[in-house]
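For reference, the structure is listed below as structure tokens.
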Amino acid sequence: MEPDATFILYDIASLKPYTENSCAPNPWKARYALNFKGLSYRTEWVLMTDIAKVRKGFGLSACRNFADGTAFHTLPVLVTDPKDPSSAIGDSFDIANYLQKTFPDAGAGDLFPEQNLDYTLPAHFQSLVPLSERDDDVHADYARFQANVDMAFSVHTQLAAHGMRWDPEVEEAVRAEFLRRIGKKSWDELGIEGEAREQLKASFEATLGGLAALLKRDASGPFMLGAQPSYADIIVGGWLRMMSKALPKGEWEELQRWYDGVFGKLHAALQKRFGEMK
Ligand SMILES: N[C@@H](CCC(=O)N[C@@H](CS)C(=O)NCC(=O)O)C(=O)O
């Protein structure tokens, strides 16, 4: 924690110690981006049950909706001026855009270097509605890439559903809310086991093939542009952090070995260079 921090990052409280267990992908994208730029900030941990209250306190509307059209309040939020609540930014991609615009040359440099980000989802996933809609075109290629990556991981998160761990204070409420969202009654139904699990894992591996190809473009790795990290690596890295914490240990080890280890190498490199928790 930085006592004179300039910024405040609001992240989701999992199970204590939060620095060890936190694994929400979008807050992690913001943390990686702040560390990429070498900026001073501190983290405020928000219980799942308090997210809506925190966002509303900053006057931020929801940037996602549930399937029934109601507001889905999310983190991260980044407050850029602790004296001014209206300085809050409530979306990870907007945070990255803000950091690049305000600190173009800081830290590791350009978050959005030009590169080919063609990554197409397998055809049977392409018709799904994007999780978050964006109507601006700042770094539109990165925004499109993010929409596809978010979908690629989201459709396989059932593999990680039973591995997410919550503060006992809110665990029951979080479980009930997750069940409400998918219209199921029992916690067992949220997970997936046996042959169905093997099939979902195979689908996950196949879906990540296009991302592995981008990571293999420059054989020196570990990033898509070889030694140069970018926000594209961070977009994937936020999800890898979640998988590293929420998949059963043996499966996370498998994932790290897929495609000659490109995802394991990317995760390790991001954690080492930009994974510090402030
Ligand atoms: N478009 C938003 C999406 C943020 C988002 O989906 N956040 C998730 C965590 S990764 C969340 O806050 N979920 C709260 C919940 O499931 O109740 C962004 O990129 O910041």
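Going by neighbour counts of Cβ atoms within 10 Å, the residues Thr74, Thr19 line up, fewest first, as Thr19, Thr74.
Given +1 on the Cβ of Lys and Arg, -1 on the Cβ of Asp and Glu, and no further charges, what dipole in debye does the chain carry about its Cα centre, rounded to the nearest 20? Intermediate results must be reported in sequence, preceding the final value.
Working: 31 positive and 39 negative charges, 64 e Å.
Here the chain has a charge dipole of around 300 debye.
Size descriptors for the range 1-100 (Cα atoms only): Rg and Dmax, in that order, 13.1, 42 Å. Cross-linked pairs Lys56/Lys101; Lys29/Lys53; Lys216/Lys265; Lys56/Lys245: Cα-Cα separations exceed 18 Å for Lys56/Lys101; Lys29/Lys53; Lys56/Lys245.
State the volume of the convex hull built on the alpha-carbon positions of the chain, expressed per residue in Å³ and rounded to an integer.
Numbers: hull volume 37.0 nm³, N = 278.
Spread over its residues, the Cα hull of the chain gives 133 Å³ apiece.
Toward the positive end of the charge dipole of the range 235-278, with +1 on the Cβ of Lys and Arg and -1 on the Cβ of Asp and Glu, the farthest Cα among Gly238, Pro248, Tyr259 is that of Gly238.
How much length is gained if the chain between Lys185 and Glu169 is pulled fully straight, taking 0.36 nm per residue apart and subtracting their Cα-Cα distance, in nm to one decimal? List each step's numbers first, then the result.
Working: separation 16, 0.36 × 16 = 5.76 nm, distance 2.08 nm.
Contour length minus the Cα-Cα distance gives 3.7 nm.
Here the chain carries DSSP beta bridges of which approximately 60% are antiparallel, counting only pairs with both residues inside. A cut-off under 13 angstrom between Cβ atoms defines the neighbours of His267, and their net charge, with Lys, Arg +1 and Asp, Glu -1, is +4. With N as its number of residues, the range 116-155 has a Cα radius of gyration that, divided by 2.2 N^0.38 Å, comes to 1.12. Remark on the range 142-181: Rg and Dmax equal 13.4, 38 Å (Cα only). Counting charges near Phe204 (Lys, Arg +1; Asp, Glu -1) among other residues having Cβ under 12 Å from its Cβ returns a value of -2. Spatial offset of the range 7-23 relative to the range 135-196 amounts to 17 Å, using the alpha carbon center of each. Please work out whether the range 221-278 counts as rounded, prolate or oblate from its C-alpha gyration tensor, where a ≥ b ≥ c are the square roots of the eigenvalues and a/c under 1.5 means rounded, while otherwise a/b larger than b/c means prolate and anything else oblate? Oblate, because a/c is 1.5 or more while a/b does not exceed b/c.
Most exposed first by the Cβ proxy, i.e. fewest other Cβ within 10 Å, how do Arg31, Arg134 rank? Spell out each step's value before the answer.
On the way: Arg31 28, Arg134 17.
Listed from fewest to most nearby Cβ atoms, that is Arg134, Arg31.
Kirkwood analysis of the Cα pair distances in the range 157-278 returns a hydrodynamic radius of 15.9 Å.
Directionally averaged projected area (the range 1-47, Cα convex hull): 3.2 nm². Among Phe153, Phe66, sorting on how many other beta-carbon atoms sit within 10 Å of each Cβ, with the fewest leading, yields Phe66, Phe153. Using the alpha-carbon centroid of each, what span in Å lies between the range 218-278 and the range 36-78? Between the Cα centres of the range 218-278 and the range 36-78 lies a distance of 24 Å.
We did not get these values from a lab; they are worked out from the coordinates using the rules stated. For clarity, every value in this text was computed on a predicted model and none was experimentally measured. As a convention, Cβ positions derive from the backbone with ideal geometry for all residues, glycine included, and neighbour counts pool all protein chains shown.
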